[in-house]
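Remarks on the structure that follows.
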Amino acid sequence: MTHSNSGSSSRAVVPDLPDALPIAVVDNHTHLDIEREGHPVDVADALAKARAVGVDRVVQIGCDLPGARQTVEMIDTYAAMLGGVALHPNEVPGLAESGSLVAAYAEIETLAAHPRVRVVGETGLDYYRTGPEGRDVQHESFRWHIDLAKRLGKALQIHDRDAHDDVLRILEEEGAPNSTVLHCFSGDLQMAQTCAERGYYLSFAGTVTFKNAHGLRDALSVTPLDRLLVETDAPYLTPHPHRGAINAPHLIPLTVRAMAATLGVAVPTLCQALSENSERVYGPW
Ligand SMILES: [Zn+2]
């Protein structure tokens, strides 16, 4: 979601494995390249733990240049992993200021051509961490990434923080790629309906399990099963009851079970839908 280390180090422990899911699902958005609170990720171990609880595949997102390069190395190493590369909206203003944005676009375009990079993302708009002075360049970058996804025939993963209206408007103006995913969906019921009508996918993260997230659960409850995805956004957004700890792909079952309860569907039914949707968006792997 972001690149800043946050939170205290007092809870810098990755929680234990929850009960396994009955049908394997995909962690649709994770950052195994990001070290949080001085805990670098052992990628092979993270994937093994995930597999042990029914998370058999992950989509690794590298959203700055070092992360994107690392993502391509990782997908060449681990068969369970697909990649996504982009310049995060909070990275873009700094790159523009230092005059390196054009070169960064060129490198992202090269990395995105890798056959197992199936995602351009995360791109989008962040009005929370970037002030009004950064908006123009975020808009330009979002439009560039939308165009890249369409040219390369890849899925698009969108980061939208406090920018719902402009995200929806720009997607409409540019024409959304065939597979468009709102990562860590944070809109309300009405936005969920609009996204579903337009055929976008909504990816829910641990935030949907938070006690006060009533609006988000309302949004989930109106999202059709065939538009749903699930993600960790690890190492951030750790689901209840581990909120504040370091997140990892093996914690997805907590989010999936909470989603099933909100939707009023059986856990295997939801797992099956999540798995099928992931393959529809990213293709088989
Ligand atoms: Zn993210």
All but one of (1) within 16 Å of the ligand (Cβ to nearest atom); (2) of a type outside the set (D, E, K, R); (3) in a helix (DSSP H, G or I) hold for Thr269, so report the exception by its number. (1)
Filtered residues of the stretch 186-202 (kept if of a type in the set (Ser, Thr, Tyr) and in a loop (DSSP other than H, G, I, E, B)): Ser186, Tyr200
I'd like the residue in the stretch 203-255 that is in a helix (DSSP H, G or I) and in contact with a strand residue (DSSP E or B) (Cβ under 7 Å, 6 or more places away or on another chain) and, out of all such residues, is nearest to the ligand (Cβ to nearest atom). Pro249
Which of the numbered conditions does Glu37 fail, given that it passes all the others? Conditions: (1) away from the ligand (no atom under 14 Å from the Cβ); (2) closer than 19 Å to Gly206 by Cβ; (3) without any contact (Cβ under 8 Å) to a residue 60 or more places away in the chain; (4) of a type outside the set (Val, Ile, Thr). (3)
Is the stretch 84-97 home to any residue that is within 17 Å of Val119 (Cα to Cα) and in a strand (DSSP E or B)? yes
Which one of these is in a helix (DSSP H, G or I) and under 24 Å from Pro249 (Cβ atoms): Val72, Val58? Val72
Here are some conditions: (1) touching a Leu at 6+ places or on another chain (Cβ under 6 Å); (2) hydroxyl-bearing (Ser, Thr, Tyr); (3) under 15 Å from Val53 (Cβ atoms). Thr207 meets all but one. Which one does it not meet? (3)
Answer yes or no as to whether Glu97 is within 18 Å of Cys184 (Cβ to Cβ) and of a type in the set (Asp, Glu). no
List the residue pairs whose Cβ atoms are under 7 Å apart, where the first residue sits in the stretch 262-285 and is surrounded by fewer than 13 Cβ atoms within 10 Å (Cβ to Cβ), the second is part of a helix (DSSP H, G or I), and the two are 6 or more positions apart or on different chains. Ala266/Ala260
Enumeration of residues in the stretch 146-167 that are part of a helix (DSSP H, G or I), surrounded by 17 or more Cβ atoms within 10 Å (Cβ to Cβ) and in contact with an Asp or Glu (Cβ under 9 Å, 6 or more places away or on another chain): Ile146, Leu148, His164, Asp166, Val167
What are the residue pairs meeting all of these: first residue in the stretch 170-198, first residue more than 16 Å from the ligand (Cβ to nearest atom), second residue part of a loop (DSSP other than H, G, I, E, B) and of a type in the set (S, T, N, Q), Cβ atoms under 7 Å, and 6 or more apart or on different chains? Ala192/Thr223; Ala196/Thr223
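Yes/no per residue for (1) surrounded by 15 or more Cβ atoms within 10 Å (Cβ to Cβ); (2) at pLDDT below 95:
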| site | (1), (2) |
| --- | --- |
| Met81 | yes, no |
| Val92 | yes, no |
| Ser100 | no, no |
| Leu111 | yes, no |
| Tyr128 | no, no |
| Gly131 | no, yes |
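Quick grid of which residues meet (1) aliphatic (A, V, I, L, M); (2) in contact with a Lys or Arg (Cβ under 9 Å, 6 or more places away or on another chain):
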position: Gly84; (1), (2): no, yes
position: Leu87; (1), (2): yes, no
position: Glu91; (1), (2): no, no
position: Val102; (1), (2): yes, no
position: Ala112; (1), (2): yes, yes
position: Val119; (1), (2): yes, yes
Only one of these conditions is not met by Arg217: (1) among the charged types (D, E, K, R); (2) crowded, with 17+ Cβ neighbours inside 10 Å; (3) within 17 Å of the chain's Cα centre (by Cα). Which number is it? (3)
Among the candidates Glu109, Glu73, Glu91, which residue alone is closer than 23 Å to Phe142 by Cβ and out of contact with any helix residue (DSSP H, G or I) (no Cβ under 7 Å at 6 or more places or on another chain)? Glu91
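The values are calculated or read from the model by the stated rules, or taken from the named source; none is laboratory data. Please read all numbers here as calculations on a predicted model, not as lab measurements. Glycine also receives a Cβ, built like all others from the backbone with ideal geometry; neighbour counts cover every protein chain displayed.
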